[in-house]
1. Under 1.5 on a/c is rounded, so check that first for the stretch 75-210, then, if it is not, pick prolate when a/b is larger than b/c and oblate when it is not; a ≥ b ≥ c are the square roots of the alpha carbon gyration tensor eigenvalues.
2. Remind me, relative contact order of the chain in percent, using alpha carbon pairs under 8 angstrom and six or more residues apart?
3. Order by neighbour count: 71, 181, fewest other Cβ atoms within 10 Å first, most last.
4. Can you match Cα extents along the principal axes in Å to one of these, (1) 80, 48, 26; (2) 60, 41, 37; (3) 50, 44, 42, based on a calculation from the structure here?
5. Per residue, how big is the convex hull around the C-alpha atoms of the stretch 108-158? Give it to me in cubic angstrom, could you?
6. What's the exposure ranking of 19, 299, 248, going from fewest to most Cβ atoms within 10 Å?
7. Could you tell me the distance between the Cα centroids of the stretch 81-96 and the stretch 35-49, to the nearest Å?
8. When DSSP beta bridges are limited to those with both residues in the chain, what percentage is antiparallel, rounded to the nearest 5?
């Protein structure tokens, strides 16, 4: 199996479950409160490690109870922690998550220590990238450092995957650093500044993104599945059909990206890796929480 380096954020998720997500100025009575580990990069690392991936995680945390939660989780999952920076002057990030009865969510993230990641942190852990064959990151870390990390991954011959969430500006010349670009519909709309509503819109959006220099585009479509396109082929894949109800969609995109990286690491072809990731993402929606919902390999036999 190819080794995988993931660069991203750990936050403690404060989840509030109720019948609905409150609108501006509204107070509602909730049903459940959960505190657990989250952050896109961390979730993706957990997802990949639970699927037997060889995972190293680069991030920055504080020295507090939330970081203790992170290290305990990584030890249990098998994520390598040698490139995790602890700074006692900073606090570990947190996220407030509102979840409604249908599993939909709204999230506010405070990156904390991970918001202070700088290029020098990448240089100090460049051996972790050099020793990896796949590099996966998102957009929760500071923009300059995210792009710098992608450049270093490209220089060291890694397959690069960028999950552009949350959607933030990327300078045009940096799209060429990306081997696999994995936006959802809303994020794709952000980068193209246009609405994406029909299948034709999705296909056209992927073509426009490829023209920016990206090698492969994967647009995730929630319950409608995914669309893949590169300069040789394109196809839709339906969402995996579940035999259990959807409880919480928080972290489903992270499950998808983590699983896709493992699929590539196991030398699956692109369609096989996407099919595998689709299944893992769907299974994650049958459990509450973010990192807590990342499936194990053993869970696959139940679906």
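Just so you know, all these numbers are worked out from the coordinates, no wet-lab data involved. Please read these numbers as outputs of a predicted model, since none were measured by experiment. With ideal geometry, Cβ positions are generated from the backbone for all residues, glycine too; neighbour counts draw on all protein chains shown.
1. On the way: a/c = 2.00, a/b = 1.25, b/c = 1.60.
It comes out oblate by the Cα gyration axes.
2. Details: 694 pairs, mean separation 59.7, N = 303.
So the answer I get is 20 percent.
3. Details: 71 15, 181 26.
Sorted ascending by nearby Cβ count, the order is 71, 181.
4. (3)
5. Details: hull volume 3.6 nm³, N = 51.
That works out to 70 Å³ per residue.
6. Working: 19 11, 299 17, 248 25.
In order of increasing Cβ crowding within 10 Å: 19, 299, 248.
7. 14 Å
8. 45 percent
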